[in-house]
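The values are calculated or read from the model by the stated rules, or taken from the named source; none is laboratory data. Quantities reported herein were computed from a predicted structural model and do not represent experimental measurements. Cβ atoms come from the backbone with ideal geometry, glycine included; neighbour counts cover every protein chain shown.
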Amino acid sequence: MITFFTYPGPNSRKAQIMLEESGEAYRTQTIDITKGEQFDPKYLEISPNNKIPAIVDEGPQEKVAVFETGAILIYLAEKSGRLLPPSGAARADTLAWLFWGTGALGATLPQLHHYADLAQRIPGTVERFGTEAVRLFNVLERRLSQREFICGEYSIADIPSFCSTAGWLGRVKQLSDGKLGDTPSIDRWLKAVAQRPAVQRVG
């Protein structure tokens, strides 16, 4: 049985979608970050970076703790044999785009969110992270204009970028003052991913 340590937010949503896609049985345990529960020594043994989400997979042979969203997706994909090619160029491509979704798109948008919503904006910050967000969405639009999903078939590469894009595409268009125009390929992809039963179960 897998224990899923979570608190509402985009990264937890990414991990839970993959839990649903994997078909693995799991139970949920909330880590209330507003109360500092992420700093509890017992939780730090699971997630040394004191962040959510994390999982603990307790089986008959061993107990496996995994933190970092991308690592959780890879672990669940490998365990279930779903949404990650087993080897070769297709696997390398999927992992590259997974890391792009977590380390590029998924890192830029929270920074933009932080600076855009400050009561008193710091000059240059929204422009800097907004420009990078536009660049990243243009990368995604070009990619999806050539294939149905990010790596052709639906995979773990789609999940982080879907969650980030669904929450932020419209806002980035608004903040970019027209620099990010129409995104028909992204729009089509967002609808396709949103229709998956696992995504709908997570909400």
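Output the residue which, of all residues in the stretch 141-159 that are of a type outside the set (Asp, Glu) and part of a helix (DSSP H, G or I), is surrounded by the fewest Cβ atoms within 10 Å (Cβ to Cβ).
Filtering the stretch 141-159 for residues that are of a type outside the set (Asp, Glu) and part of a helix (DSSP H, G or I), the one surrounded by the fewest Cβ atoms within 10 Å (Cβ to Cβ) comes out as 142.
Of the residues that sit in the stretch 177-189 and are crowded, with 17+ Cβ neighbours inside 10 Å and not aromatic (Phe, Trp, Tyr), which one is farthest from the chain's Cα centre (by Cα)?
180
One line per residue, one yes/no per condition, for (1) over 19 Å from residue 12 (Cα atoms); (2) touching a His at 6+ places or on another chain (Cβ under 7 Å); (3) part of a helix (DSSP H, G or I); (4) of a type in the set (A, V, I, L, M, F, W, C):
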site: 86; (1), (2), (3), (4): yes, no, no, no
site: 98; (1), (2), (3), (4): no, no, yes, yes
site: 103; (1), (2), (3), (4): no, no, yes, no
site: 111; (1), (2), (3), (4): no, no, yes, no
site: 115; (1), (2), (3), (4): yes, no, yes, no
site: 123; (1), (2), (3), (4): yes, no, no, no
site: 126; (1), (2), (3), (4): yes, no, yes, yes
site: 136; (1), (2), (3), (4): yes, no, yes, yes
site: 139; (1), (2), (3), (4): yes, no, yes, yes
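Can you go through 167, 178 and tell me which one is modelled with pLDDT under 95 and part of a helix (DSSP H, G or I)?
Result of the check over 167, 178: 167.
May I ask you to list the residues in the stretch 36-74 that are polar (S, T, N, Q) and either in contact with a Cys (Cβ under 7 Å, 6 or more places away or on another chain) or surrounded by fewer than 15 Cβ atoms within 10 Å (Cβ to Cβ) (or both)?
Quick first cut of the stretch 36-74, residues polar (S, T, N, Q) only: 38, 47, 49-50, 61, 69.
Residues satisfying the conditions are 49, 61.
Go over the candidates 129, 162 one by one and state the one that is in the same structural domain as residue 106 (by TED's automatic domain parsing), over 18 Å from the mean Cα position of the chain (by Cα), surrounded by 14 or more Cβ atoms within 10 Å (Cβ to Cβ) and not small (Gly, Ala, Ser).
On the way: 162 fails: over 18 Å from the mean Cα position of the chain (by Cα).
Within the list 129, 162, the selection yields 129.
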